[in-house]
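Structure, as structure tokens:
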Amino acid sequence: MMPADFSVSDMREAVQEKQYVDFEAFFGNSNPLHLEIGCGKGSFVCQLARQHPEINYIACEKVSNVIITAVERVKAEGIRNIYFFNCLAEMLEKYIPEGSVSRLYLNFSDPLLKHGGKRQRLTSTRFLELYQKLLCPGGEIWQKTDNEVLYRFSTDNYPSCGFEIVSTSEDWDSVANGDIETEYEQHFKEQGFKIFRIVARKS
């Protein structure tokens with residue numbers, strides 16, 4: 001677990017000094033790496049890790065008191081194929097070698113609808129450029145959101161940043177499609193919100 005000890009002001013400088021994690025040594029194997037950005041309390045990534053022991057998972061969460069719950073959950077359940085980062089998403093390229101991630105999950109990210117929030121969205125150009133570095137050739141982004149504004153923004157942005165949109169859904173049902181339903185997703189569906197889903201591939 002890596003601490004979130006970098007301010008925004010010195011982040012760019014800090015990213016240049018690489019401190020790559022040796023994931024093969026940590027996990028004891030060379031299984032594919034999947035990354036979730038904004039893992040929250042870890043419910044989604046823990047379910048994935050239990051279902052797919054053949055995959056190694058990296059989970060990133062910037063809020064320290066939230067990620068502690070996820071770490072404690074992993075310890076209590078004896079899950080061994082998750083590595084946590086407590087940092088801003090912008091810092092990930094400091095620790096994760098380029099081209100090493102085969103799938104990236106964005107589940108119900110903050111749509112940041114207020115004025116000036118577009119640049120901070122996790123599918124804005126600057127973040128998609130980061131994902132281009134982290135993903136291997138053919139690597140994919142799996143995104144789910146309840147917010148149509150973020151969905152439209154993302155579908156417009158992916159192609160302009162070198163991603164091919166593989167599939168979209170404007171009324172996604174995770175249970176019916178054998179996907180993991182997150183706590184947020186269940187909550188939004190109970191309130192009558194539609195779930196939007198995008199799969200985009202690094203071209």
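The values are calculated or read from the model by the stated rules, or taken from the named source; none is laboratory data. Every value quoted in this text rests on a predicted model; they were computed, and no experiment measured them. Counting neighbours? That spans all protein chains shown, and the Cβs are built from the backbone with ideal geometry, glycine included. The area values use the complete protein model at the heavy-atom level, side chains included, leaving out ligands, DNA and RNA. Shrake-Rupley method; radii C 1.70, N 1.55, O 1.52, S 1.80 Å.
Listing for the model above:
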| item | result |
| --- | --- |
| Protein-only accessible surface order, largest first, of His52, His187, His115, His34 at 1.4 Å | His115, His187, His52, His34 |
| Accessible area (Å², per residue) of the stretch 136-180, counting only protein heavy atoms and a probe of 1.4 Å | 47 |
| Cβ-based net charge around Ala200, under 13 Å, with every Lys or Arg adding one and every Asp or Glu removing one | +2 |
| Exceeding the 31 Å Cα-Cα cut-off - candidates Lys94/Lys189; Lys94/Lys194; Lys62/Lys133; Lys18/Lys114; Lys75/Lys202 | Lys94/Lys189; Lys94/Lys194; Lys18/Lys114; Lys75/Lys202 |
| Highest-first arrangement of 168-179, 102-113, 189-200, where packing means the average Cβ count within 10 Å | 102-113, 189-200, 168-179 |
| Highest-fluctuation residue, Ile58, Ile180, Ile96 considered, GNM on the chain with Cα pairs under 10 Å | Ile180 |
| Whole-percent carbon and sulfur share, accessible surface of the stretch 73-203, 1.4 Å | 48 |
| Size of the chain as Cα extents on the principal axes (Å, biggest first) | 42, 37, 33 |
| MRE, 222 nm, helices only [DSSP H, n ≥ 4, -39500 (n - 2.57), over the chain, to nearest 500] | -9500 deg cm²/dmol |
